[in-house]
1. Applying a 10 Å radius around every beta-carbon, put 261-274, 99-112, 310-323 in order of their mean neighbour count, most first.
2. Regarding segment 40-160, what's the average projected area of the Cα-atom convex hull, expressed in nm²?
3. Per-residue HN-Hα couplings for segment 100-105, Karplus 6.51 cos²θ - 1.76 cosθ + 1.60 at θ = phi - 60°, whole Hz, x for Gly and Pro?
4. Mind ordering 294-307, 63-76, 139-152 by average Cβ neighbours within 10 Å, highest first?
5. What pairs in K92/K263; K263/K292; K122/K263; K60/K148 have C-alpha atoms more than 30 Å from each other?
Amino acid sequence: METGCWLLGGEFEDSVFEERRERRTGPLTSYRAKLCEPQWFYEETGSSDDVEALTIQKFKGDLAYRRQEYQKALQEYSSISEKLPSTNFAMKRDVQEGQARCLVHLGRHEEALEIATNLENKATNTDHLTTVLYLQFAICSSLQNLEKTIFCLQKLISLHPFNPWNWGRLGEAYLNLEPVLAALLASSQKQNSFTSSDKAIKSSCPHSGKDCLLCFPEMLPESSALSVETSSGNNQKNEKALKNIQNCMAEERAAVLLETQMKACASFIRTRLLLQLAQSQQTSFALERNLKTQQEIEAKMKGFSFKEDTLLLIAEIFVIHLREAYCPFRR
């Protein structure tokens with residue numbers, strides 16, 4: 001090796017040349033393992049360690065929740081939340097999540113959503129945010145708020161785009177949204193048609209009193225009778241306008257339902273592709289669940305009115321996207 005050449009990584013640590021400290025010989029301290037029997041935390045009367053005491057109380061709340069004693073569990077969690085120091089972030093998150101889940105089972109969804117929103121704002125990493133979004137998804141599902149449920153799933157998918165189960169849940173949510181939208185659009189169409197027909201009737205009637213519909217030409221003055229005769233010619237125009245409104249609303253309703261079906265269909269296609277990608281790496285019950293879900297998706301796809309060419313086109317687009325995502329340097 002030439003003079004002045006330095007080998008990278010060839011330097012020694014100073015600790016190599018230091019003298020080792022002599023180990024002190026003495027009696028070994030005894031160690032007694034703690035044996036925890038089932039429900040051992042009920043036998044613990046007290047502890048000098050505040051953290052351990054709060055942990056024991058949390059275990060009691062967890063057991064009450066498991067036994068579906070939600071009011072009792074909520075009391076335990078609430079008591080812990082008041083005593084927890086502000087620096088114990090991990091237990092505070094767990095306790096607040098427990099409070100929210102208890103509130104859901106007790107029918108107090110707004111309070112649960114408030115806690116979940118607070119947790120989302122304080123989330124510091126992807127894992128925390130994922131846990132909070134699953135909590136929000138559970139709350140919105142229990143509340144049967146499809147709009148917020150879909151929004152939660154969309155946020156989860158943006159965090160974990162290759163999770164097939166969230167895509168499947170999103171497809172189910174869009175399927176459940178379809179009859180709700182149909183009912184809302186139908187009621188809106190009915191209300192608007194009544195409003196339009198009322199306007200047509202009022203415009204054709206010369207009197208605005210409550211007995212307007214009971215007036216006949218022979219019972220009215222000559223000027224009123226003349227106005228009724230002239231206004232009767234406008235009824236046809238009003239009917240045409242009413243039909244045009246109804247046709248436009250029917251087209252709008254069909255377009256909205258078609259878009260919802262398309263979103264559900266695309267979500268299921270994405271789910272199936274992701275399951276097929278994971279299939280080669282799965283065995284036992286995981287593979288069984290995978291194949292069963294693919295069969296269920298195939299059955300649901302038959303319920304859509306899309307042509308086979310349309311479904312193949314959607315699948316091809318998703319395949320290209322997945323290839324680019326898995327192999328970004330291969331084009």
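1. Put in order of decreasing packing, that is 261-274, 99-112, 310-323.
2. Values: hull surface 31.9 nm².
Result: a mean projected hull area of 8.0 nm².
3. Values per residue, Gly and Pro as x: 4, 5, 5, 4, 4, 5 Hz.
4. 139-152, 63-76, 294-307
5. K92/K263; K122/K263; K60/K148
Since every read-out is calculated from the coordinates, none of them should be taken as a lab result. Remember, it's a predicted structure, so these values are computed and weren't measured experimentally. Here the Cβ is made from the backbone with ideal geometry for all residues, glycine too, and neighbour counts use every protein chain on show.
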